[in-house]
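The values are calculated or read from the model by the stated rules, or taken from the named source; none is laboratory data. Here the structure is a predicted model, which means the values were calculated and not measured. Only protein heavy atoms, including side chains, enter the accessible area calculation; ligands, DNA and RNA are left aside. Shrake-Rupley method; radii C 1.70, N 1.55, O 1.52, S 1.80 Å.
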Amino acid sequence: GRRLGEMTRSTPKPMLHVSGKPIAEHIVGAMVDNGITDIWFSIFHLGEVVKEHFDDGSRFGCRIRYIEETVPLGTAGCLSLIDDPIVTPMLVVNGDVLTNLQFGRVLDLHERLGAALTMSTRQHHFHIPYGVVESAEGFVTHIKEKPKIKFDINVAIYVLSDSVFQYTIEFFAPDRLGHV
């Protein structure tokens, strides 16, 4: 949110409007469309704005509960604060993600593979606007003219199974984090 400056001073990033509604509402709608109706929101910065908008989730066709962080715990750290039994696999999505990914398909793939953790990625291309020189022992061996490099980047959508979830809870337990 810091990079967005004034835009996030009074509005948390997941509540910024895109196409007439908050980013988080797009995510909730996609989850409900994919049969996910038990949703947790981890809130910290201006969490009351999120709670006022979503309330208990009933007007969105789901149940929404809140995890209130007193210090930022990171992407999975908030899971250590959930007291209720967790049904896995659990979908974890950052609140500022805009995607047309079908969450049900990701959950199906995770189950089909028997994975402990599934991380969604997408390919990102980076064009280098110069010739890249390769050399050995001071001699040019090859020149790649304006190459395009491809990377798989994390898009902040995960599925966790029991084994990873238990490890995550232990790793991010507030007593292990110390005081910030």
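Starting at the first residue of region 142-154, write each ³J(HN,Hα) from the Karplus equation 6.51 cos²θ - 1.76 cosθ + 1.60 with θ = phi - 60°, in whole Hz, x for Gly and Pro.
The phi angles translate into 6, 10, 9, 7, 6, x, 10, 9, 10, 10, 8, 10, 6 Hz.
Quick one: helix 23-33 against the long Cα principal axis of the chain, what's the angle to the nearest 10°, folded into 0 to 90?
Once rounded, one gets 70 degrees.
Kindly provide log₁₀ I(q)/I(0) values, in the same order as q = 0.28 Å⁻¹, from the Debye equation applied to equal alpha-carbon scatterers of region 84-154.
-1.29
Using Cα pairs closer than 8 Å and at least 6 residues apart in sequence, work out the relative contact order for region 4-152, in percent.
Details: 160 pairs, mean separation 27.2, N = 149.
Relative CO of region 4-152 lands at 18 percent.
In Å³ and rounded to a whole number, note down the convex hull volume per residue for the Cα atoms of the chain.
Details: hull volume 37.3 nm³, N = 180.
Each residue corresponds to 207 Å³ of Cα convex hull volume.
Take the solvent-accessible surface of the protein heavy atoms, probe 1.4 Å, and return the percent of it on the chain that carbon and sulfur atoms account for. Write out the running numbers ahead of the final one.
Numbers: 6230 of 11830 Å².
The nonpolar share, carbon plus sulfur, comes to 53 percent.
Restricting to the chain, compute how many DSSP beta bridges are antiparallel as a %, nearest 5.
80 percent
Can you work out the accessible area per residue across the chain, with the rest of the protein chains kept in place, probe 1.4 Å, in square angstrom? All intermediate terms of the calculation are to be shown ahead of the outcome.
Details: 11830 Å² over 180 residues.
That works out to 66 Å² for each residue.
What value, in deg cm²/dmol to 500, does the helix sum -39500 (n - 2.57) over DSSP H runs of n ≥ 4 give at 222 nm once divided by the residues of the chain? If you can, show how the numbers build up before the last one.
Details: 6 runs with 48 residues, N = 180.
The per-residue figure over the chain is -7000 deg cm²/dmol.
Return one number: the angle in degrees, 0 to 90 and rounded to the nearest 10, between the long axis of the Cα atoms of helix 162-171 and the longest principal axis of the Cα atoms of the chain.
Helix 162-171 and the main axis of the chain meet at about 90 degrees.
How many percent of DSSP beta bridges within region 4-72 run antiparallel, rounded to 5? Present the calculation step by step, with values, prior to reporting the outcome.
Details: 2 of 8 bridges.
Within region 4-72, antiparallel bridges account for around 25 percent of the total.
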